Amino acid sequence: MMSLNQRILSSASIVLVLFVGGTAFTLDHAFHDNALAALQDRMLGKLYLLMGSAEVDTAGNLSMPAELPGLPELNQLNSGTYAYITNGAQTIAWQSASILHLTPPFATRPAIDHKNFERLMLNQTPYFIYSFETEWETQTINHPFTFHVVMDSTLFDSQIDRYQKNLWSWLAIIAILLLTTQAFALHWGLRPMRKVSRELNSIEMGVQDSLNGIYPIELRRLTDNINSLLNHERKHQQRYRNALADLAHSLKTPLAILQGALRTETDAKKLKLLLAEQVQRMDHIVQYQLRRAAAVGQSPGSRLIPLRPVVEKIIKAVSRAHYSKQPQTTIKMDPALQVRIDEGDLMELLGNLIDNAFKWCQNSVCISAYNANNQTIISIEDDGPGIHQDDIARILERGERADTSVPGHGIGLAIVQDILRANDGQLSITSMSPTGSSVTVHFAAATTP
């Protein structure tokens, strides 16, 4: 496939060739028509001078002066300009001295008081002939005469040829200059694209981490998105590495316990209970680390997710898990509200928060969402016992729970925190009066490209 530079240059060359060709064709025809019109005007002027010099007697005899005023070329032999006059019988009544050795051409006879201009061949030479038919009034009868002026077209044709050669030569020079200028301008204009390509190669080879150049405004959105994507991928890989390292570290203790029990424990029942306990603990650890690693964050390519259908889906699932409770659930949000986040992250985040609300509520849960100050704000409220102010910071730590008597592992809010950090979001928890708590999530408001 042709490069972008070649495609633009080829397109510009084709457009330029068509433009130059069209310009040359138009100018050539315009010059030819104007030159021909000027020639006709000159020949018509000679016709009028010729008619002004003619005299006709009552018998219809035509006489012309020996010297024609204003028409000296008609007295010069082979001057290239000739004239003759025919009568009503189409016989020559007079001819100029310049046509002495030539046979006057037969021209189309025009109507009375009409003119005729045409091109004829005379002795293998092209000529223009201008004819005018008129009736000469005498006292007895009107006598028709046709006045003809003939001019050699060689000079006219050479003038047209010279003009065409000059026109095409200059247009060719201009076209070459324009193409050269276009090539330099294109080379300069596409320099930022080549710079992007070089920087991407450097990123691919590990020489640099991001696009660092200063780019035109037309490319800035592209380079910013590429840098955002690269940053997102680095964070994503780092989360996987951290999750694997945390997983390996977290599994050391239960594995050590199992290894010690296998070597020292003799009671089969105790060994079985210990094995079951540690296997369940390892399963919880693995599940947590997998969920944490799966928090992909907000990618430039993430699509917009309608928020309300996700909330309704989570409420339906959580209601089944807490079948013993039937709280009044209220959803306050615009059905058109959308957030830009990975759908799995959104499900995990809202699933943990709504599950906590159902777990602690007494009779009601309210989920609301709206846009304000370029942020999407999601609030989940319950009428449960609330959270003491001193416990808010603690329960956000991994493995910490507000009430150890309630089933759970204390990692839900930690997962929420990880997802929010990956998406540049924030979490706040406040106690409500007289009872209940409110968990609020802040995202950057989604914008369509």
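The values are calculated or read from the model by the stated rules, or taken from the named source; none is laboratory data. Keep in mind the model is a prediction, meaning the values are calculated, not measured. Here Cβ is always computed from backbone atoms with ideal geometry, including for glycine, and neighbour counts include all displayed protein chains. Each accessible area value is taken on the protein alone, full model and side chains, heavy atoms only, with ligands, DNA and RNA left out. Shrake-Rupley method; radii C 1.70, N 1.55, O 1.52, S 1.80 Å.
Amide H to amide H, with H built 1.01 Å from N, residue 432 comes under 5 Å of 387, 437, 438, counting only residues 5 or more places away or on other chains. Estimated from helical segments only, the mean residue ellipticity of the chain at 222 nm is -18000 deg cm²/dmol, where each DSSP H run of four or more residues counts as -39500 (n - 2.57). Between the residues 151, 444, 247, the greatest Cα displacement towards the positive end of the dipole of the chain, with unit charges on the Cβ of Lys, Arg, Asp and Glu, is found for 247.
For helix 4-53, report the angle its Cα long axis makes with the longest principal axis of the Cα atoms of the chain; keep it between 0 and 90° and round to the nearest 10°. The angle comes out near 20 degrees. Across the chain, C-alpha contacts under 8 Å between residues 6 or more apart give a mean separation that, scaled by the residue count, equals a relative contact order of 9 percent.
Quick check on region 126-244: take the gyration tensor over C-alpha atoms, sort the square-rooted eigenvalues as a ≥ b ≥ c, and tell me if it's rounded (a/c under 1.5), prolate or oblate. Note, shape of region 126-244 comes out prolate. About the centre of its Cα atoms, the chain shows a dipole size close to 2920 debye [charges on the beta carbon of Lys, Arg (+1) and Asp, Glu (-1) only; nearest 20 debye].
Among 329-336, 142-149, 39-46, what's the highest-first ranking by average C-beta atoms within 10 angstrom per residue?
Most protected by this proxy first, the peptides run 142-149, 39-46, 329-336.
Whole-Hz ³J(HN,Hα) for each residue in region 308-317, computed from phi via Karplus 6.51 cos²θ - 1.76 cosθ + 1.60 with θ = phi - 60°, x for glycine and proline: what do you get? Karplus values, whole Hz, x for Gly and Pro: 4, x, 5, 4, 5, 5, 5, 4, 4, 5.
For residue 233, the solvent-accessible surface with a 1.4 Å probe is about 70 Å², rounded to the nearest 10.
Tell me the carbon and sulfur percent of the accessible area for region 124-177, rounded to whole percent, probe radius 1.4 Å.
59 percent
Packing, as the average of other Cβ atoms within 10 Å across residues, places the peptides 177-189, 341-353 in the order 341-353, 177-189, highest first. The Cα atoms of region 1-159 give a gyration tensor whose axes a ≥ b ≥ c have a/c of 1.5 or more with a/b greater than b/c, which makes the shape prolate.
Computed from backbone phi, the HN-Hα couplings of region 141-148 come to 7, 8, 10, x, 9, 10, 9, 10 Hz, rounded to whole numbers (Karplus: 6.51 cos²θ - 1.76 cosθ + 1.60, θ = phi - 60°; Gly and Pro given as x).
The Cβ shell under 9 Å around residue 145 holds other residues with a net charge of -2, Lys and Arg each +1, Asp and Glu each -1. Other residues within the sphere of radius under 13 Å centred on the Cβ of residue 127, judged by their own Cβ, net out at -2 (K and R +1, D and E -1). Ordering 81, 257, 132 by Cα displacement along the dipole of the chain toward the positive end leaves 257 in first place; charges were set at the Cβ atoms of Lys, Arg (+1) and Asp, Glu (-1).
Calculated on C-alpha atoms, the gyration radius of the chain divided by its Kirkwood radius gives an Rg/Rh of 1.54. Excluding ligands, DNA and RNA, the accessible surface per residue across region 102-203 is 61 Å² with a 1.4 Å probe. In order along region 379-388, phi translates into HN-Hα couplings of 10, 10, 10, 9, 9, x, x, x, 10, 5 Hz, rounded to whole numbers, per the Karplus curve 6.51 cos²θ - 1.76 cosθ + 1.60 with θ = phi - 60° and x for Gly and Pro. Listed peptides 123-129, 268-274 appear in the order 123-129, 268-274 once ranked by packing, highest mean of other Cβ atoms within 10 Å at the front.
Remark: for residue pairs 272/325; 46/115; 313/359; 316/359, the C-alpha separation exceeds 23 Å in 272/325. Of the beta bridges DSSP finds with both residues in the chain, what % are antiparallel, to the nearest 5? Antiparallel bridges: around 90 percent, rounded to the nearest 5.
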